[in-house]
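Let me begin by presenting the structure, written as structure tokens, before commenting on it.
The values are calculated or read from the model by the stated rules, or taken from the named source; none is laboratory data. This one's a predicted model, so the numbers in the text were calculated from it and none came from an experiment. Virtual Cβ from ideal backbone geometry, glycine too; neighbours counted across all protein chains shown.
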Amino acid sequence: MYTTLLVRYGEISLKGNNRPYFENRLLANMRQALSDLPPRRMEKTFGRVFVELLDDLEAVSRRLKRVFGIVSMSPVLTTSLDMDAIAPAALAVLNDTPGKTFKVQAQRPNKRFPLTSPEINRQLGAYLLKHSQGQQVDVHHPDRLVQVEIREKEAYVFSRTIPGPGGLPVGVTGRGLLLISGGIDSPVAGYLGLKRGLELTGLHFYSFPFTSERSKEKVIDLCRVLASYSGSFRLVIAPFTEIQKSIRQNCPQEFYVTIMRRMMFRIAQAVAANEKALALVTGESLGQVASQTLQSIAVINKVVDLPVLRPLVAWDKNEIIELSRRMGAYEISIRPYDDCCTLFVPRHPATKPPLGRVEAAEKKLAIEELMADCLANLETITITADPTEL
């Protein structure tokens, strides 16, 4: 029965003179999210976007729930600016929302409307009590809130509120390169990067035949989850087998992880330049594994000039797993297919690697040749979300 979806955004409205840029990007991302559905009207007002519904509320809201920048949504009935039209709409909304108690809450941005907000509340409350059965008013803890917004040309009546993901529209803060493995952490870091407005490209290091084709498919499926929040997702796959073999043959075992991560960062910086990315994004959480101690992070960072964003740096594992479940990645992440980050891990990796000893060990590697070979054999794919799985 609903004709319109009222979409609210929050943080964007605080952007001052830059607000139109953020709003326009949000609308573009919303249109992309709905691109597989029939065309429809969208109208932007301050702090609101009104989306036309074509008897497809569930399909529209399901897609928009994954658009960053949206705080919440409400299906609304649109009426003329007349209490004789608003009252029946309020009754229809009341009957569509389960509960035994209610409260009416009116907002009147259109100050030319002849009734004040308290007067609207009283008239509609009386009407609803008279025309409904078994309903009571509860102004403190109602089962549902029947809300009315009196705008310039129309009134909007609604009760349901559908939460959105919040954050900023994807693309408004620049481009980053996400180092993504098949584990739990890096897809969650990618989600948080998207939430802060980053447009992400993924970089995955693939070590065939030490890692199977299914491990690569697992990463592609994780990127498909991220694509459901960003519209599409570019993934760069870097062959890493020869680099890992060379590290194993030439370097002390205790530095395997440190040197492997330094090689990954060198390659990531080169890929970031091609992708016009201004930062690297990783799923590292401080103290979680040997390569994530402060000393290890400092040594690994030495090989790059780009900023390295670590959205999970202060998160514990349970918090990461909880968000992984909510975003729909956890069941994919725990598939039993190892990636190169979980192979070749020594029994006793160095947790406080001295920079001088690591650099001395690296001199036994043909770093430039290994990097050139890797970069010459990159595979790039574009992944889109599956609308039937949204």
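Things to note:
- For PHE255, the criteria (1) more than 18 Å from GLY183 (Cβ to Cβ); (2) surrounded by 15 or more Cβ atoms within 10 Å (Cβ to Cβ); (3) at pLDDT 95 or above hold in every case but one, which is (3).
- Tallying residues that are among the charged types (D, E, K, R), buried (at least 17 other Cβ atoms within 10 Å of the Cβ) and over 19 Å from ASP96 (Cβ atoms) within the stretch 122-153 yields 1.
- Residues in the stretch 174-183 that are buried (at least 18 other Cβ atoms within 10 Å of the Cβ) and either of a type in the set (D, E, K, R) or modelled with pLDDT under 95 (or both): SER181, GLY182, GLY183.
- Only listed residue being buried (at least 19 other Cβ atoms within 10 Å of the Cβ), closer than 29 Å to GLU11 by Cα and of a type in the set (Phe, Trp, Tyr), chosen from PHE68, PHE102: PHE68
- The stretch 367-390 - residue that is part of a loop (DSSP other than H, G, I, E, B) and surrounded by 14 or more Cβ atoms within 10 Å (Cβ to Cβ) and, of those, modelled with the highest pLDDT: LEU378
- Listing of helices (runs of 4 or more DSSP H) fully contained in the stretch 259-356 that carry 2 or more residues being in contact (Cβ under 8 Å) with a residue 12 or more places away in the chain and over 28 Å from SER212 (Cβ atoms): 294-301
- The residues of the stretch 260-287 that are touching a helix residue (DSSP H, G or I) at 6+ places or on another chain (Cβ under 7 Å) and either surrounded by fewer than 17 Cβ atoms within 10 Å (Cβ to Cβ) or more than 20 Å from LEU355 (Cα to Cα) (or both), listed by number, are ALA270, LEU280, VAL281, THR282, GLY283, SER285, LEU286.
- Flag if GLY125 is of a type in the set (Gly, Ala, Ser) and in contact with a strand residue (DSSP E or B) (Cβ under 6 Å, 6 or more places away or on another chain): yes
- Scanning the stretch 1-43 for residues that are over 17 Å from ILE162 (Cα atoms), touching an Asp or Glu at 6+ places or on another chain (Cβ under 8 Å) and at pLDDT below 90 gives a single hit, ILE12.
- Verdict on SER324 being under 26 Å from TYR191 (Cβ atoms), modelled with pLDDT of 95 or more and either touching a Cys at 6+ places or on another chain (Cβ under 8 Å) or among the small types (Gly, Ala, Ser) (or both): yes
For every residue, the table says whether it meets (1) of a type in the set (A, V, I, L, M); (2) part of a helix (DSSP H, G or I); (3) on the phi > 0 side of the Ramachandran plot.
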position: VAL170; (1), (2), (3): yes, no, no
position: GLY182; (1), (2), (3): no, no, no
position: GLY190; (1), (2), (3): no, yes, no
position: GLY193; (1), (2), (3): no, yes, no
position: THR201; (1), (2), (3): no, no, no
position: HIS204; (1), (2), (3): no, no, no
position: PRO209; (1), (2), (3): no, no, no
position: ILE220; (1), (2), (3): yes, yes, no
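- Residues in the stretch 230-258 that are in a loop (DSSP other than H, G, I, E, B) and closer than 16 Å to GLU199 by Cβ: GLY231 only.
- In this structure, LEU192 does not qualify as buried (at least 24 other Cβ atoms within 10 Å of the Cβ) and modelled with pLDDT of 95 or more.
Yes or no, residue by residue, for (1) within 22 Å of LEU203 (Cβ to Cβ); (2) assigned by TED's automatic domain parsing to the domain that holds PHE240; (3) in contact with a strand residue (DSSP E or B) (Cβ under 6 Å, 6 or more places away or on another chain):
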residue: LEU278; (1), (2), (3): yes, yes, yes
residue: GLN288; (1), (2), (3): yes, yes, no
residue: LEU312; (1), (2), (3): yes, yes, no
residue: GLY328; (1), (2), (3): yes, yes, no
residue: TYR337; (1), (2), (3): yes, yes, no
residue: GLU359; (1), (2), (3): no, yes, no
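- There is no residue in the stretch 219-228 that is touching a residue at least 40 places away in the same chain (Cβ under 8 Å), touching a strand residue (DSSP E or B) at 6+ places or on another chain (Cβ under 8 Å), closer than 30 Å to GLY69 by Cα and acidic (Asp, Glu).
- Residue in the stretch 111-121 that is surrounded by 13 or more Cβ atoms within 10 Å (Cβ to Cβ), modelled with pLDDT of 95 or more and within 16 Å of SER159 (Cβ to Cβ) present: yes
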